[in-house]
1. Under 6 Å by Cβ, and 6 or more places apart or on different chains, what pairs join a residue from the range 250-274 that is under 19 Å from R325 (Cα atoms) and of a type in the set (S, T, N, Q) with one that is more than 10 Å from the ligand (Cβ to nearest atom) and assigned to a loop (DSSP other than H, G, I, E, B)?
2. For the condition modelled with pLDDT of 95 or more and loosely packed, with under 15 Cβ neighbours inside 10 Å, what is the one hit in A77, A88, A60?
3. What number of residues within the range 272-308 satisfy the criterion of being within 11 Å of the ligand (Cβ to nearest atom), more than 18 Å from E341 (Cβ to Cβ) and in a helix (DSSP H, G or I)?
4. Give me the pairs: first residue in the range 218-247 and over 16 Å from L264 (Cα atoms) and among the hydroxyl-bearing types (S, T, Y), second residue in a strand (DSSP E or B) and at pLDDT below 95, beta-carbon distance under 7 Å, and six or more apart or on different chains, which are they?
5. Could you pull out the residue among G44, G17 that is modelled with pLDDT under 95 and closer than 24 Å to A183 by Cβ?
6. It is to be established whether one or more residues within the range 162-178 are under 18 Å from R105 (Cβ atoms) and surrounded by 16 or more Cβ atoms within 10 Å (Cβ to Cβ).
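The values are calculated or read from the model by the stated rules, or taken from the named source; none is laboratory data. Since the model is a prediction, treat every value here as computed from it, not as a measurement. Cβ placement follows ideal geometry from the backbone for every residue including glycine, while neighbour counts extend to all protein chains displayed.
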Amino acid sequence: MEFSAVIVAAGASTRAGPGLAKPWRDLVGRPVIAWSIEALAGAGATRIVVVTTADRREDAAALLAGLPSPQVVIGGASRADSVQAGLAALDAGDDTPVLIHDAARPFVPRACIEALLAALGDHDGAIPGLPLADTLKRASPLIEETVPREGLWRVQTPQAFRLGRLRAAYAALSPGTEPTDDASVVEADGGRVVVTPGDPMLMKLTYPEDFAMAERLAGAARITRIGQGVDAHRWGPGDAVWLCGVRIDHDQTLIGHSDADAGLHALTDAILGAIGAGDIGEHFPPSDPQWKGAASDRFLLRAVEILTNRGGRLLNADVTLVCERPKIRPHRDAMRARLAELLGLPLDRISVKATTTEGMGFTGRQEGLLAQAVVAVETPA
Ligand code: MG
């Protein structure tokens with residue numbers, strides 16, 4: 001489902017101790033806010049607005065670079081002002097689902113986003129929450145009473161609403177009230193907001209000691225996925241063949257609509273496969289004349305771009321070419337070097353191997369060449 005996101009990073013972070021404001025502190029090599037931007041983009045947000053302080057405008061723009069419809073807005077004096085500034089900047093229809101997220105919650109599991117969007121169908125809003133497990137006391141610090149925890153939830157962000165409904169609720173907000181979340185604004189306006197399953201990963205960085213916990217959780221915030229791709233092309237008359245981005249003089253060529261580089265096609269499919277993003281035929285239909293004779297590195301780079309837009313990165317690639325001729329070994333290092341260059345990876349993350357089928361099958365009869373590729377990628381969980 002298409003959705004927009006507003007990430008609020010304009011607060012003063014007074015409880016987090018001295019130093020940089022929370023969204024801009026380092027969390028395992030990246031600013032805290034970078035994690036949630038990546039997760040929301042990776043889950044398919046088509047517009048992301050970051051609301052921050054004026055001195056962070058450039059930093060926020062740099063983190064959003066390359067994403068669809070990025071916007072940086074300067075926040076107001078209160079959280080409500082900042083959210084409204086973000087909502088005002090969103091160029092989307094009233095029915096567009098919008099997720100409002102606090103930048104201090106770096107880890108946003110995709111399952112939480114999907115549950116929120118699904119719940120919006122029947123409600124004015126949906127927010128992630130966890131039932132309370134601990135016993136609750138009212139104390140100062142002498143205990144005054146034990147508070148029954150039944151029906152109590154601790155709620156998190158992102159919180160999901162339809163853009164028009166949330167704007168209307170904020171417009172109706174009584175002056176001087178300082179809501180601590182967006183659901184309470186919609187509740188006050190008579191809206192029906194439902195709690196969907198939250199996740200401990202959605203922890204909020206509030207106190208200095210929370211950063212140590214977040215560093216331990218960071219490892220679980222990204223997952224490794226495997227993708228594989230297979231391609232075959234038929235041999236025909238020619239004087240050279242393209243394989244893994246390298247031109248090899250040969251007494252035949254591979255026939256295809258593009259340059260028929262089966263190695264790059266298999267690799268492209270493997271990357272798309274790792275992130276469930278369809279296949280090469282869907283992204284570059286043979287029926288489209290713009291791909292006629294195209295250099296296949298364009299297909300590969302597009303697949304990498306789709307991966308990057310989802311917050312992912314390629315970890316390694318292993319390509320196997322199956323043919324009797326030409327001999328691949330003399331060209332293997334050039335192929336690995338070319339792939340490493342195209343993918344921006346060190347050489348030891350790239351493998352090109354070759355085998356024959358000892359005269360058996362279509363590759364053995366030299367009717368065509370078969371390529372197979374396997375990749376590992378890392379993406380937000
Ligand atoms: Mg092909």
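1. Q252/G238; T253/G238
2. Values: A77 fails: modelled with pLDDT of 95 or more; A60 fails: loosely packed, with under 15 Cβ neighbours inside 10 Å.
Only one candidate passes the filter, namely A88.
3. 3
4. Correct list of pairs: T224/E378.
5. Values: G17 fails: closer than 24 Å to A183 by Cβ.
Criteria check complete, one pass: G44.
6. no
Okay, residues lined up against (1) more than 28 Å from T308 (Cβ to Cβ); (2) in the same structural domain as V28 (by TED's automatic domain parsing); (3) within 31 Å of the chain's Cα centre (by Cα); (4) crowded, with 19+ Cβ neighbours inside 10 Å:
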site	(1), (2), (3), (4)
V186	yes, yes, yes, yes
D189	yes, yes, no, no
V193	yes, yes, yes, yes
M201	no, yes, yes, yes
A214	no, no, yes, yes
I226	no, no, yes, no
D249	yes, no, no, no
L254	yes, no, no, yes
A260	no, no, yes, yes
